[in-house]
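For reference, the structure discussed in these notes is given below.
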Amino acid sequence: MNNGTGCCSKATMNWVGVIGAFLAMVVLVAALKHYTTVPAVNYARAQERAKILSEARQKSAADLETVGWVDNNKEKGVVRLPNSVAMSLAVKQWQDPAKARADLLERAAKAFFVPPPPPEPKSAFE
């Protein structure tokens, strides 16, 4: 007869039961946490914004390296240039500062010209 001095004593079986209960709780808590976790409320919007940001960065990086018209408006004569080309043109133009400043003011006036609004019609009470 076994008096509690064998490999499977009552105290050993109690400890195995307690440890088994704790392990079962850990497994159940992990499973519940996994199945009940919901994505953030704005998860889809965050993914959309990240995609838009990466596309905008790619486009702006391409714009920095290419030549093109700003706003596709050739009448105003505003051109987008890579930085290296723009710096070399600026160095060349600013050899004569007075002429370069006059040219800069002329181009700015042309680029940012806003026509005045038409005059208001006369009122019948005037």
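The values are calculated or read from the model by the stated rules, or taken from the named source; none is laboratory data. Computed from a predicted structure; not experimentally measured. Here the Cβ is made from the backbone with ideal geometry for all residues, glycine too, and neighbour counts use every protein chain on show.
Side notes on the structure shown:
- Qualifying residue in the stretch 76-84 (condition: assigned to a helix (DSSP H, G or I) and under 30 Å from Pro115 (Cβ atoms)): no
- Scanning the stretch 76-101 for residues that are under 14 Å from Glu65 (Cβ atoms) and small (Gly, Ala, Ser) yields a total of 2.
- Members of the stretch 97-126 found to be at pLDDT 85 or above, surrounded by fewer than 10 Cβ atoms within 10 Å (Cβ to Cβ) and among the acidic types (Asp, Glu), listed by number: Glu120
- For the stretch 44-96, residues that are over 26 Å from the mean Cα position of the chain (by Cα), surrounded by fewer than 11 Cβ atoms within 10 Å (Cβ to Cβ) and either among the polar types (S, T, N, Q) or closer than 19 Å to Ala109 by Cβ (or both) total 5.
- Members of the stretch 18-68 that are closer than 30 Å to Asn83 by Cβ and of a type in the set (D, E, K, R): Arg49, Lys51, Glu55, Arg57, Lys59, Asp63, Glu65
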